[in-house]
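*Asks:* Right, I'll just put the structure down here and ask away after.
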Amino acid sequence: MSGDMLPLLMFAALFLLLAAGVPIAFSLSAVAIVFSYFLWGPGALNILISATWGAMNNFVIIAVPLFIYMSYILQKTNVVEDLYDAFYKWSGGLRGGLAIATVIVGAFLGAVSGVVAAGVIGLGLIGLPQMLKYKYDKNVSMGIVMASGTLGQIIPPSTNMVLYGAVTGVSIGGLFAGGLTAGIFLGVMYVAYVLIRSFIKPDLCPPLPPDERASFKEKMLALKSVFLPSLLIILVLGSILSGMASPTEAAAFGAAGAMLIGLIKKRLNWEIVFSSCYETLSITAMVGWVMIGATAFGSVFSGVGGNRLVSQLAMNMPGGAVMVLIASSIFYFILGMFLEPGAIIFFAVPIIAPILARLGYDPLWVGLVFNVLLQCGYLSPPFGFSLFYLKGVTPKDVTITEIYRASLPFLALQVVCVAIMFVFPDFFLWFPKHVLGL
């Protein structure tokens, strides 16, 4: 058999297992084990041991469970609800004001947790009922919840950015700085979309009735709920971006800070701590198994010449470097429709990112574009994760088809953001390059 056929056979075997419903982590591991055994004998199975050791021995990855734990503590101590209450009191008098509050709270959630599930579920439980109560358009309401909840993929401290930096060696601080620009830009796009549509069609997202709007005193008192989460954001991100702490050290500080906020608000108890630890362990274990499987698959794939084959195809592609970038982006987008984002990072990035770097693209900019594309994956039918997070917290009469339809305008806005990043890369690199010097 031609050597060039082996990488293609590995991909074919992987997608057959995925189509059969085998979890991505075990599909990757199974393909790696079978191909290594039959190609190089029983001794080659040590590749799985090496992959496991590599996954366990990566200090940067420790930041992931710490950020996840911080997210759960803040969610279970109702900090999310306090933030929403504060912002909707300020914006509720505007057309689309509750939707704007949802975007702002989504950005805050991204900045204090970096976990998309927490963002979408939290906003779905708190923001969506409020918008529907005040006769907001259902599609706009569900779409803004999903889009705002996924801002945690871009706005630091994003757990997927930590994984991307660990896999590629790109500065996590640089990714965080650029992600802050991209996340705020996307949030502004969402707000502009809601305001424009509300201006064109006034009854789409009506303002709160005058008798239900907060007084100035109530608005000022509500800001107390914003102070502690804002302070936590400044300390965690500031320590990373200034170089005072590594992402792992900052994550540990953030987890302790989240518990301190819970204690100050007198809402933290052993049940919350235990359930947060258990759910953190569950998600971290999933990430670990995906990392092990993807590392093993990548090692075998490289050993049979897969990386060389992909590199040759890219270098010979008509249209040069620009076409390679476009094709890579389309490939990431399609993967995001079917696979978990962490799996894409471990599976596809080690193959494609080095090729784009050799073609002259800034690795930091490539990382930012890739992470925005991952965010697109969260909203992409048929298997975007945010679609199913929201389905789990909506009334039973809301169908998955309605959720798909609600996601499409905001998915289109994300694609527009990627196109703008292609045209104006310096805008998104200005903060990490010229302010922080990364």
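*Asks:* Tell me, which helices (runs of 4 or more DSSP H) wholly within the range 142-247 include 3 or more residues that are under 30 Å from Tyr404 (Cα atoms)?
*Replies:* 159-168, 172-200
*Asks:* Follow-up. If Thr401 meets every condition in (1) free of Cβ contacts under 8 Å to residues at least 24 places away in the same chain; (2) within 25 Å of Leu309 (Cα to Cα); (3) more than 21 Å from the chain's Cα centre (by Cα) apart from one, which number is that one?
*Replies:* Thr401 satisfies all of (1) free of Cβ contacts under 8 Å to residues at least 24 places away in the same chain; (2) within 25 Å of Leu309 (Cα to Cα); (3) more than 21 Å from the chain's Cα centre (by Cα) except (2).
*Asks:* Let me ask another. Anything in the range 112-130 that is farther than 13 Å from Phe87 by Cα, surrounded by fewer than 24 Cβ atoms within 10 Å (Cβ to Cβ) and either among the aliphatic types (A, V, I, L, M) or at pLDDT below 80 (or both)? List them, or say none.
*Replies:* Ala117, Ile121, Leu125
*Asks:* From the residues in the range 398-414 that are over 16 Å from Val188 (Cβ atoms) and buried (at least 16 other Cβ atoms within 10 Å of the Cβ), which one is modelled with the lowest pLDDT?
*Replies:* Filtering first and then ranking leaves Val398.
Every residue, every condition in (1) closer than 24 Å to Val79 by Cβ; (2) open to solvent by 50 Å² or more (accessible area, probe 1.4 Å); (3) modelled with pLDDT of 85 or more, yes or no:
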| residue | (1), (2), (3) |
| --- | --- |
| Tyr193 | no, no, yes |
| Ser198 | no, no, yes |
| Pro209 | no, no, no |
| Ala214 | yes, no, no |
| Lys217 | yes, yes, no |
| Leu221 | yes, yes, no |
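*Asks:* Conditions: (1) surrounded by fewer than 24 Cβ atoms within 10 Å (Cβ to Cβ); (2) touching a helix residue (DSSP H, G or I) at 6+ places or on another chain (Cβ under 6 Å); (3) closer than 23 Å to Met323 by Cβ. Val393 meets all but one. Number of the miss?
*Replies:* The one condition Val393 does not meet is (3).
*Asks:* Look through Ala55, Ala30, Ala20 and report the one residue that is at pLDDT below 80 and either surrounded by fewer than 24 Cβ atoms within 10 Å (Cβ to Cβ) or more than 30 Å from Tyr134 (Cβ to Cβ) (or both). Reasoning before the result, please.
*Replies:* Working: Ala30 fails: at pLDDT below 80; Ala20 fails: at pLDDT below 80.
Going through Ala55, Ala30, Ala20 in turn, the sole match is Ala55.
*Asks:* Turning to a different aspect of this structure: Can you give me the number of residues within the range 269-287 that are in contact (Cβ under 8 Å) with a residue 60 or more places away in the chain and within 22 Å of Val162 (Cβ to Cβ)? I'd like the intermediate steps shown before the answer.
*Replies:* Here is the first cut: in the range 269-287, the ones in contact (Cβ under 8 Å) with a residue 60 or more places away in the chain are 272-273, 275-277, 279-281, 283-284, 286-287.
Narrowing the set further to residues that are within 22 Å of Val162 (Cβ to Cβ) leaves 276-277, 279-281, 283-284, 286-287.
Total satisfying the criteria: 9.
*Asks:* Considering only residues of the range 72-85 that are in contact (Cβ under 8 Å) with a residue 60 or more places away in the chain and surrounded by 24 or more Cβ atoms within 10 Å (Cβ to Cβ), which is farthest from Ala258 (Cα to Cα)?
*Replies:* Ranking the candidates gives Leu83 first.
*Asks:* Got at least one residue in the range 189-196 being over 14 Å from the mean Cα position of the chain (by Cα) and farther than 16 Å from Pro409 by Cα? First the steps, then the outcome.
*Replies:* Filtering the range 189-196 for residues over 14 Å from the mean Cα position of the chain (by Cα) gives 189-196.
Retained after the next criterion (residues that are farther than 16 Å from Pro409 by Cα): none.
No - not one qualifying residue is present in the range 189-196.
*Asks:* Here's a follow-up. Taking the range 242-254, which residues are of a type in the set (Gly, Ala, Ser) and surrounded by fewer than 22 Cβ atoms within 10 Å (Cβ to Cβ)?
*Replies:* Filtering the range 242-254 for residues of a type in the set (Gly, Ala, Ser) gives 242-243, 245-246, 250-252, 254.
Result: Ser242, Gly243, Ala245, Ser246, Ala252.
*Asks:* Can I ask one more? Please report, ordered by residue number, the helices (runs of 4 or more DSSP H) entirely within the range 369-438 with at least 1 residues that are touching a Lys or Arg at 6+ places or on another chain (Cβ under 7 Å).
*Replies:* Here the list reads 400-423.
*Asks:* Within the range 421-429, can one find any residue that is under 25 Å from Leu204 (Cα atoms) and open to solvent by 50 Å² or more (accessible area, probe 1.4 Å)?
*Replies:* Going residue by residue through the range 421-429, those that are under 25 Å from Leu204 (Cα atoms) are none.
Scanning the range 421-429 turns up no residue that is under 25 Å from Leu204 (Cα atoms) and open to solvent by 50 Å² or more (accessible area, probe 1.4 Å).
*Asks:* Checking Asn160 against (1) over 27 Å from Val287 (Cα atoms); (2) open to solvent by less than 50 Å² (accessible area, probe 1.4 Å), which single condition isn't satisfied?
*Replies:* Against the list (1) over 27 Å from Val287 (Cα atoms); (2) open to solvent by less than 50 Å² (accessible area, probe 1.4 Å), Asn160 comes up short only on (1).
*Asks:* Of everything in the range 311-332, what is assigned to a helix (DSSP H, G or I), surrounded by fewer than 18 Cβ atoms within 10 Å (Cβ to Cβ) and not small (Gly, Ala, Ser)? Give them in sequence order. Lay out the reasoning, then the answer.
*Replies:* Here is the first cut: in the range 311-332, the residues assigned to a helix (DSSP H, G or I) are 311-315, 320-332.
Next, from what is left, pick out any that are surrounded by fewer than 18 Cβ atoms within 10 Å (Cβ to Cβ): 311-313, 315, 320-323, 326-327, 330-331.
Listed by number, the residues that qualify are Gln312, Leu313, Met315, Val322, Met323, Ile326, Ile330, Phe331.
*Asks:* I'm told Lys266 meets every condition in (1) without any contact (Cβ under 8 Å) to a residue 60 or more places away in the chain; (2) open to solvent by 50 Å² or more (accessible area, probe 1.4 Å); (3) assigned to a helix (DSSP H, G or I) except one. Can you identify the failing condition by its number?
*Replies:* Only one criterion in (1) without any contact (Cβ under 8 Å) to a residue 60 or more places away in the chain; (2) open to solvent by 50 Å² or more (accessible area, probe 1.4 Å); (3) assigned to a helix (DSSP H, G or I) is unmet by Lys266, namely (3).
*Asks:* When you scan the range 291-301, do you find a residue that is open to solvent by less than 40 Å² (accessible area, probe 1.4 Å), in contact (Cβ under 8 Å) with a residue 24 or more places away in the chain and within 18 Å of the chain's Cα centre (by Cα), even just one? So that I can check it myself, show each step before the final result.
*Replies:* Start the filter on the range 291-301 by keeping residues that are open to solvent by less than 40 Å² (accessible area, probe 1.4 Å), which leaves 291-294, 296-298, 300-301.
Subset that is in contact (Cβ under 8 Å) with a residue 24 or more places away in the chain: 291-294, 296-298, 300-301.
Remaining after also requiring within 18 Å of the chain's Cα centre (by Cα): 291.
Yes: one or more hits.
The values are calculated or read from the model by the stated rules, or taken from the named source; none is laboratory data. None of these values were measured; they are calculated from a predicted model. When we count neighbours, we look across all protein chains shown, and the Cβ atoms used for this are built from the backbone with ideal geometry, even at glycine. With ligands, DNA and RNA removed, areas are computed over all heavy atoms of the protein, side chains included. Shrake-Rupley method; radii C 1.70, N 1.55, O 1.52, S 1.80 Å.
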